[in-house]
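The block underneath contains the structure these notes are about, expressed in C-alpha cells.
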Amino acid sequence: MSILRRVVGLDIVPGSSPQAGEPLFALALVEEGRVTLRMERVPLSEVLALVGERGVEAIAVDNIYELAGDFRGIAEVLRRVPGKTPRLVEVTRLGDEVVSVEALCVLTGLCRGKLSPVETAELLAVLASRGIGSEVLVFEEETRIRVGRGRVPGQGGMSRERYKRNIEQLVKRKVAEILEKLDKAGIDYDLFVRKGGWGVVGATFVVYAPRERLNGLVKPESGHDIFVEISPVRRESIEYRPLGATPKRSARSERYTIVGVDPGMTTGVAILDFSGSIVSVFSRRLLSRGQLVKLLLDFGHPAVIASDVSPAPAYVKKLASQLGALLFTPQRSLSVDEKRRLTSGYPQVENSHQRDALAAALKAFNEYREKFDAVEQEASKYGLSIPLDKAKLQVVKGLPVSLAVKEAAKEYLQLSTKEELALQDIAQGGAEEQLRFYRKLAERLLQENKALTLELREATKRVSELELTLKKLLSVRKTLGADAEKVKLDSRVEQLQREASHLKAKLQQLEDRVSELERILLGMAFSKYRLAIKLSWLVEKTRENEGTLQELSDNIVFIDKSYPLELVQDLVFKTLKAKDFQSSVIVVTRSSKEAETLRRAIPPEAQVISLEDIAQYFDIGPIVAFESKELANALTRRTQGDISKIKGILEEYRRERLRLLKDLKESNLSA
C-alpha cells in the first residue's frame with residue numbers, strides 16, 4: 001500500500017553537480033504506485049516546475065546534497081517549488097543507517113546490478129511511495145508573517161511626523177486585519193509587535209501552520225507604504241524522521257526544571273533545576289514556541305512555566321499547555337525593584353529580558369521551596385539518595401509528601417511487592433536495620449538501574465525504528481518482489497507504447513512532408529514554383545567542388561545565414577560574368593535590412609528581395625520553394641519601388657536645377 005500517492009524520484013546525471021551550475025537529473029514520476037513519466041536529462045528548474053504543476057507530494061533522492069551543496073541551499077531549492085512545498089525523502093537512510101542503492105535492490109528484490117540514472121530514479125520513487133527511507137525535516141511546522149513600513153521617513157519637518165504617523169497607523173491596521181483572519185480561521189499563532197509613537201512600527205506573526213494553509217487567507221504585499229512578507233521557517237539544523245513514524249518529543253535528561261519566560265520581540269528564558277540552581281539563561285529574537293520547546297527539552301522535563309506578570313501573557317499560557325506543565329504566576333506583577341533584588345548576584349544575566357525571566361523562575365522556586373524541603377526530609381527517613389524531582393512535582397500538584405516519596409522510591413528502585421512491604425516497615429525501624437536493607441538492595445539495583453534505564457530507552461526506540469523499516473522492506477518485497485518481473489515487463493510495455501506513439505507522430509509528419517513535396521514537384525511541372533538554393537549548402541558544395549551557382553538552371557539564391565559581404569559580392573559577380581550578364585540573378589535575404597545593404601554592394605543586374613516581401617514559401621532542406629506568381633509580384637513591387645525612388649531623385653534634381661538657374665538669373669540682373 002502506498003504511503004505517498006505522487007512521488008518524483010531524482011538521480012543526478014554523471015558529470016553534473018550543484019556546485020558547477022544548474023544540475024541535470026534523471027527523473028521518474030510514480031503515481032498511485034505506477035511509473036507514469038520518465039525523463040533522462042532535466043534541469044533542476046524544470047524539475048521544480050513539474051513538481052509544482054503535478055502536485056507532487058515528495059521528492060525522493062539517494063543523497064540530498066545532489067540538490068544543493070549545503071542545508072541552506074536545500075531549503076532554497078524547496079522554496080522555489082511553486083505552490084505547496086513537497087516533502088524531501090532520502091530513501092537510502094534507514095533509521096540511523098545509510099545504505100547504498102545496490103543494497104536496496106538486494107533487500108527489495110526489485111533489481112540487480114548497476115542501474116542507469118533513470119532506473120535509479122524509478123527505484124527511489126517506488127520505494128519512497130511505499131514508505132522506505134527517511135523524511136528530511138527542512139522546515140518547522142511554522143510560517144512567519146512580517147509586516148512593516150515600506151520605507152523609513154526622512155529627517156526633520158512637520159510633514160515627516162505626519163507621514164510617520166500615517167505609516168504607523170497603516171501598519172497597525174494591517175496587523176489587526178491579519179490577526180482577525182487568523183482568529184476566524186482558528187489558526188494558532190504568536191504575535192511580536194514593535195510599537196512606535198503613533199502606532200506600530202513593525203510586527204511578526206509566528207503562525208503554527210504550514211505555508212499553504214495561509215493561501216487565500218493572507219497575501220504578500222510590497223507597497224510604497226507597507227510590506228507583508230510570508231515565508232516558512234527553516235530549522236536551525238538538519239533532522240531526519242523515518243517515513244510513517246509518529247513525531248515524538250522527549251527530554252534528553254531526567255532532570256525536572258522550572259522555566260521563567262519573558263516573551264516579546266526578544267524573548268528571555270531562564271531554566272532552574274528543582275534545587276534552585278541555574279541550568280541556563282538566554283534570550284533570542286523572535287523565538288517561536290516550537291523552537292523554545294525543543295531547546296527546553298534539551299535541558300530536561302519542563303515541569304513549571306513561570307511568568308513575572310499577572311495575568312500571564314498568552315505566549316506563556318500556550319507554552320505551559322503545550323508542554324503539559326504547571327503555570328506559575330505571582331499574585332501581582334513583579335516590580336522592577338523586586339526583579340532586581342531577586343536576580344542580584346547572578347552574573348549570567350546579560351539584559352532585561354533575561355533578568356525578568358530569571359526573576360519569574362526564582363519567584364516560582366521560592367514559592368515551592370518549603371514543599372521541596374518537605375520531600376527531602378521525608379526521603380531522608382529511608383536513608384537512601386534517590387531522584388526526588390518527580391516526587392517534588394507531584395507534591396506541588398497536590399499529592400501528599402509521604403505518598404509522593406514512596407512512589408518515587410518504588411519506581412526508581414523497581415521494588416517487588418515483598419520489598420515494597422519491607423520498605424514500609426523499615427521507615428518505622430532503626431538506622432541499623434535501614435542500613436542493612438539498603439546496602440543489600442543497592443548492591444542489586446542501584447548501579448544497574450541507573451546505567452540500564454537510559455540504555456533501555458535508546459534501545460527500545462532503535463528497535464522500534466528498525467522493526468518499522470524491516471516491515472516496510474518485507475512488505476515491498478512481498479507485494480512487489482514476487483511480481484518484479486511483471487513490474488519490469490509492464491514498465492517496458494509502457495516505454496514501447498510511448499516510443500510507438502512517438503514514431504507514429506514522426507511518421508505522420510513525414511507523410512505530410514512527402515505530400516507537400518509532391519505538390520511542389522507537380523507545380524514545378526506547370527511552372528507554378530521556382531526553387532532557390534540556400535547559400536549555406538552552396539558554399540559547402542563549392543568547397544567540395546560539387547557545383548557552383550552558375551551551373552544552376554534557376555538563378556535564385558537564398559542567403560540563409562550571415563556571411564561576409566565580399567563573399568556574396570564575389571558569388572553574384574562570377575555568376576553574372578559566366579552568363580555574360582545576359583540573365584538576372586535573384587537574391588533573397590532574410591530581412592529588408594539585409595536586402596537594403598546588399599543592393600548597394602552588388603551590380604544592378606542582380607535583383608534583391610527579402611522574405612518579408614513574400615507571403616508564402618516552403619523550406620525543403622537545402623532549397624526554398626516560392627510560388628512563381630508570388631515571386632514575380634514581389635520582384636515587380638520591388639522594381640516599382642526602385643522606379644519611384646529614381647523618379648523622386650530626378651524630380652529633386654530638376655527642382656534643384658531650376659532653383660540654381662533662378663538664382664543665376666537674379667544675380668545677372670543685379671549686375
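A short reminder: the numbers here are calculations on the coordinates, not readings from a lab. Predicted model, so just to flag it, every value in this text is computed and none were measured. Please note: Cβ atoms are built from the backbone with ideal geometry, for glycine as well, and neighbour counts cover all protein chains shown.
Some observations on this one:
- Karplus (6.51, -1.76, 1.60) ³J(HN,Hα), θ = phi - 60°, over the stretch 266-273, in Hz, Gly and Pro reported as x: 10, 9, x, 9, 10, 10, 10, 8
- FRET efficiency estimate (nearest 0.05) - Cβ-Cβ, Ala601 to Ile649, R0 25 angstrom: 0.85
- Links that overshoot a 18 Å alpha carbon limit, given the list Lys318/Lys339; Lys84/Lys219; Lys195/Lys339; Lys317/Lys371: Lys318/Lys339; Lys195/Lys339; Lys317/Lys371
- Which listed pairs, of Lys363/Lys392; Lys363/Lys390; Lys593/Lys629, have C-alpha distances above 22 Å, in listed order: Lys593/Lys629
- Note on Glu511 and Glu350: the model spin-label points, each 7 Å out from Cα along the C-beta direction, lie 7.8 nm apart.
- Peptides 123-135, 216-228 ranked from most to least packed by the mean count of surrounding Cβ atoms within 10 Å: 123-135, 216-228.
- For the stretch 142-242, the alpha carbon convex hull comes to 114 Å³ per residue, rounded to a whole number.
- Among the trypsin sites (Lys or Arg not before Pro) within the stretch 172-256, those in coil by DSSP and having at most 15 neighbouring Cβ atoms inside 10 Å are Lys248, Arg249, Arg252.
- The stretch 6-132: proportion of alpha-carbon pairs further apart than 26 angstrom, %: 13
- Here the Karplus curve 6.51 cos²θ - 1.76 cosθ + 1.60, taken at θ = phi - 60°, turns the phi angles of the stretch 60-77 into couplings of 10, 9, 9, 8, 5, 7, 6, 7, 7, x, 8, 5, 4, x, 4, 4, 5, 4 Hz, with x standing for Gly and Pro.
- Remark on Val279: its backbone amide H falls under 5 Å from those of Ile271, Leu272, Asp273, a criterion applied only to residues 5 or more positions apart or on other chains, H modelled at 1.01 Å from N.
- Under 5 Å, built H, 5+ apart or other chain: amide partners of Glu239: Leu137
- Between Val309 and Glu540, the simple spin-label model (points 7 angstrom out along Cα→Cβ) gives 8.1 nm.
- Converting the Cα gyration tensor eigenvalues of the stretch 258-329 into ellipsoid dimensions via √(5λ) gives semi-axes, longest first, of 16, 14, 12 Å.
- Unit Cα scatterers, Debye sum, the stretch 579-628: log10 I(q)/I(0) for q = 0.13, 0.28, 0.33 Å⁻¹: -0.35, -1.09, -1.19
- Full-extension gain in nm, Leu286 to Tyr65, via 0.36 nm per residue minus C-alpha separation: 76.6 nm
- Spatial separation of Cα centroids for the stretch 172-199 and the stretch 3-47, in angstrom: 41
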